Amino acid sequence: MKPANSLLSSYGTTVFEVMSRLAIEHQAINLGQGFPDDRGPDPVLDAASKALYDPPNQYPPMLGVPELRQAVAEHNKRFYGIDVDWQSETMVSTGATEGLAACFFGLIEPGDEVVLIEPLYDCYLPIIRRAGGIPKSVRVLPPSWELDTAALAAAFSERTKLVVLNNPQNPASKVFTRDELEAIAALCRRHDAYAVCDEVYEHMAFDGRPHIPLMTLEGMRERTVRIGSAGKTFSLTGWKVGYLTGPEHLLQPIAKAHQFLVFTTAPNLQRAVAFGLGQGDGYFTGLRDGMAAKRDRLSVGLAGLGLAPAVCQGTYFLFVDASPFLRSGEDDEGFCRRLVTEGGVAAVPVSAFYQDRQTAPKTFIRFCFAKQDSVLDGAVERLGSYLAA
Ligand code: PMP
Ligand code: GLN
């Protein structure tokens, strides 16, 4: 039999799926894969359910239903002051994941270089490489996670087609500062590069830190696509509704990829997300403040066990140095397997977020705190008993 595509075949099953399967198998508390365990906002669920009985339920327009595209444009204006023409500058995708894939397939020519910041979300590299892009990664390092702008500059060249920026960043839980964003923007302008900005955690920047879309910086409006996700903003990760904003000259080629990847996204969910984006400020500040309180709750619990998390500025993840608890020769992955099978708590090994697993740090693990307080407390209790034993 002839082999399947060698690049994709070289990847295993994603660490999120592996850890969630193990969590189910071992009845563990799942703080691994990032998803909230509440049911999502009732008004948004109601809107989806009503829309289901309010046809059409046939293929919606390829770029998304007008209500949602208009809501995406308004959301840009309301939160960031970005003026957006909904008809030419917005597109709905089947989750941020498909939106990212459409950007990579739509913009990258084989041989183009793509600058990335590690640790990075796991779907970027396989798709960029499948599109023929050549990844050039720079690392941010704990505990400060500061961007080394000289290293970033060295990663750019005249062959750089685009930079991928995840802000707030999973799994470092970092919110990029204006100075860091200015440095990235300057490099994009100097090298005539595009920016694909994964901003799915845009409403989860904590402690008064503003979320600043790279798109709002000088000269970036014309070269940036920014991506949001209803999964994160409405705690409905299974819905897979994402939304892209970008200049027409970039969205057009991206839409060409989108039309052959999925073509479109469930219309009732799109209409419900349109409703959701129009909710009052209280919804968005409530989401952020509620998550920050959960961060604090789990941080205190973990610190009490000797698993002190790094500073968490955004997203819904805590990044923890597990080295005090690693057995001789054990890495982050081995420790996570032991935690889920013996300790009853699932986490995610952070080495999965690096291009080169050989040189990736192997002592860090990630916990998701988007859970009921009782679940977080239960996880701390289980970890306490297991690690003390
Ligand atoms: N980007 C990042 C940084 C993520 O953490 C996730 C996971 N939810 C995604 C993209 C994917 O988003 P979606 O579920 O909307 O495809
Ligand atoms: N974004 C989620 C995380 O970081 C996982 C999504 C997925 O399982 N693909 O945990």
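Each of Asp373, Asp331 was scored by other Cβ atoms within 10 Å of its Cβ. Listed from fewest to most, they are Asp373, Asp331. Placing +1 on the Cβ of every Lys and Arg and -1 on the Cβ of every Asp and Glu, with nothing else charged, gives the chain a dipole about its Cα centre of roughly 560 debye. Of the Cα atoms belonging to the stretch 305-370, the radius of gyration and Dmax stand at 11.6, 33 Å.
Normalised by 2.2 N^0.38 Å, with N the number of residues, the alpha-carbon radius of gyration of the stretch 227-303 equals 1.44.
Of all the options Ala360, Ala205, Ala101, the one that moves most in a Gaussian network model of the chain with Cα springs shorter than 10 angstrom is Ala360.
Summarised as an ellipsoid, the stretch 348-389 has semi-axes of 27, 14, 4 Å, derived from the eigenvalues of the Cα gyration tensor scaled by 5 and square-rooted, with the largest first. Counting only DSSP beta bridges whose two residues both lie in the stretch 192-323, roughly 60 percent are antiparallel. Here the chain is treated as an ellipsoid with the same Cα gyration tensor; its semi-axes, largest first and in whole Å, are 32, 26, 21. Hey, quick one: spin label on Gln259, modelled 7 Å out along Cα-Cβ, who in the stretch 22-65 has an amide N within reach, i.e. under 17 Å? Correct set: 59-65.
Across the chain, the relative contact order, built from alpha-carbon pairs under 8 Å that are at least six residues apart, equals 25 percent. In plain terms, the chain from Lys77 to Glu248 could stretch by 59.8 nm, reckoned as 0.36 nm per residue minus the Cα-Cα distance. Report the antiparallel proportion of the DSSP beta bridges in the chain as a percent, rounded to a multiple of 5. Taking every DSSP beta bridge within the chain, about 45 percent pair in antiparallel fashion. A Gaussian network model of the chain, with springs between Cα atoms under 10 Å, assigns the largest mean-square fluctuation among Arg39, Arg209, Arg366 to Arg39. Restricting the trypsin sites (Lys or Arg not before Pro) of the stretch 253-351 to loop positions (DSSP other than H, G, I, E, B) with no more than 10 neighbouring Cβ atoms within 10 Å leaves Arg327. Working note: Cα atoms of the stretch 89-225, range along each principal axis, descending, whole Å: 41, 34, 28.
The Cα-based radius of gyration of the stretch 157-244, divided by its Kirkwood radius, gives an Rg/Rh of 0.99. A crude spin-label estimate for the pair Thr13 and Met62, with each label 7 Å from Cα along the Cβ direction, gives 3.5 nm.
Ratio of Rg to Rh for the stretch 56-119, alpha carbon only, Kirkwood? A ratio of 1.06. Secondary-structure-derived ellipticity at 222 nm for the chain, considering helices only, amounts to -12500 deg cm²/dmol, per-run term -39500 (n - 2.57) for DSSP H runs with n ≥ 4.
Sorted largest first, the spans of the alpha carbon positions of the stretch 246-389 along the three principal axes are 56, 40, 26 Å. Among Phe263, Phe206, the order by Cβ neighbours within 10 angstrom, fewest to most, reads Phe263, Phe206.
Every number in this text was worked out from the coordinates using simple rules, so none of it is lab data. Please read all numbers here as calculations on a predicted model, not as lab measurements. Ideal geometry is used to build each Cβ from the backbone, glycine not excepted, and the neighbour counts take in all protein chains shown.
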